[in-house]
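Here's the structure we're looking at; comments come further down.
The values are calculated or read from the model by the stated rules, or taken from the named source; none is laboratory data. Just so we're clear, the structure is a prediction, and the values are computed from it rather than from any experiment. Because the Cβ atoms are built from the backbone with ideal geometry, glycine has one as well, and the counts that use them run over all protein chains shown. In case anyone asks, the SASA skips ligands and DNA or RNA and just uses the protein heavy atoms, side chains included. Shrake-Rupley method; radii C 1.70, N 1.55, O 1.52, S 1.80 Å.
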Amino acid sequence: MSEPKNVIVTGAASGIGQACARDLAAEGHLVLALDLGADALEAAHPGAGNSLVLFAGDVSQPADCEAAVAAAVDRFGGLDAMIHFAAIHSTTPWSELDADEFNRELAVNVTGSFLMSQAAARPMIAQGGGSIVLTTSGIVHIGGVGGAGRGGPAYASSKAAIVALTRSLARSLGADGVRVNAIAPGATETAMTAGYTEEARANVGNAAALGRMGRAEEIADAARFLISDRASYITGEIMNVNGGASFA
C-alpha cells in the first residue's frame, strides 16, 4: 500500500482474520483487531502494541460495533478501512437444522456484516472516503449440504446474502467515496475446516485447479489488496480466491 492506513479487522483471533491483522501491522498500518474473546485475541497476537490494538466485542450487537469503530477513530485519528472476517459456521444438514440455529447464523454472519459496515462507513464518509471488505464464500457457487465439517444450508444462505449486501452498500456509499467489495474464499486451512474428514479434505483439494486448499495468508492478501490504493477503482465486486475451484 502506498501509505499507512487505519484499519479494523474483525475475526482477528484466528484463521484469515488473524493473518490479515498480523500482516497489516507488520507492514506499518494501524490495526484494531476485533474478536469475541480478549483471551483469544491476546493468544493470537502476543505482544500487541501501539500498531495493533486488541478489542473484544460481538459483531451481532450494534453497541459493540459502534464501540469498536469509536475506539479505532479515537486511537488512530480516523478510519480508512474495515475488513470483516468474523463469522460462525454451521455444518448441520437441512433435515436436522432448526430455526434457532438458522437465525443465529444470519444474526452473526449477515446482520453482523451490516452493522460493522454501517458503523465503519460513518467516519469514512466524514473524512471523504474509505474501503470496506466483506467475506462471502465459495460455497455460494457450489451449494453446501453440511456434515463432515462442511458448511450446510444455514451457512451457505448467510454467505449468499453477503453478495447482495456488498453490492447494495457499494451503490449506497459510492458517491461518498467509500468502496465496498467482498472476497469469496474457497476451502482454506483454518479452524473452520479442521473438522473435515481426510476424504473431505482430499475432495476439496482435488476440486481446485491448483490441487490444494488455500492458506489463510493467501486469502488475507486478497483483502489487503482490496483496501489498497491499487484497488481505487474497484467497488461492488466479489473476488473469488479459491485456487480455481470455481470460475463463476
For a quick check of your reading of the model, give me the residue pairs whose first member lies in region 168-188 and is of a type in the set (Ser, Thr, Tyr), whose second is in a helix (DSSP H, G or I), with beta-carbon atoms closer than 7 Å and at least 6 apart or on different chains. Thr188/Ile16; Thr188/Ala216; Thr188/Ile219
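Yes/no matrix, rows are residues, columns are (1) touching a Cys at 6+ places or on another chain (Cβ under 8 Å); (2) under 18 Å from Ala71 (Cα atoms); (3) among the basic types (Lys, Arg):
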| position | (1), (2), (3) |
| --- | --- |
| Ala19 | no, no, no |
| Asp23 | no, no, no |
| Leu54 | no, yes, no |
| Gly57 | yes, yes, no |
Does Thr135 meet the test of being farther than 18 Å from Val110 by Cα and buried (at least 20 other Cβ atoms within 10 Å of the Cβ)? no
So, restricting to helices (runs of 4 or more DSSP H) that lie completely within region 141-248, which ones have at least 1 residues that are over 15 Å from the mean Cα position of the chain (by Cα)? 153-173, 198-207
For region 68-95, give me the residue count where each residue is under 26 Å from Ser137 (Cβ atoms), in contact (Cβ under 8 Å) with a residue 40 or more places away in the chain, open to solvent by 10 Å² or more (accessible area, probe 1.4 Å) and not hydrophobic (A, V, I, L, M, F, W, C). 5
Checked against (1) under 19 Å from the mean Cα position of the chain (by Cα); (2) within 22 Å of Arg230 (Cα to Cα), Leu34 satisfies every condition except (2)
Which of the residues that make up region 184-221 are modelled with pLDDT of 85 or more and of a type in the set (Val, Ile, Thr)? Ile219
Selection from region 1-26 of residues open to solvent by less than 40 Å² (accessible area, probe 1.4 Å) and touching a Gly at 6+ places or on another chain (Cβ under 8 Å) yields Asn6, Val9, Thr10, Gly11, Ala13, Gly17
Do you know which of the residues in region 27-44 that are crowded, with 16+ Cβ neighbours inside 10 Å and of a type in the set (Gly, Ala, Ser) is nearest to Phe76 (Cα to Cα)? Ala33
Among the listed residues Ala160, Ala156, Ala126, Ala121, which satisfies the condition of being under 27 Å from Pro4 (Cβ atoms) and without any contact (Cβ under 8 Å) to a residue 40 or more places away in the chain? Ala126
Residue within region 138-160 that is open to solvent by 40 Å² or more (accessible area, probe 1.4 Å) and either at pLDDT 95 or above or over 30 Å from Glu198 (Cα atoms) (or both) present: yes
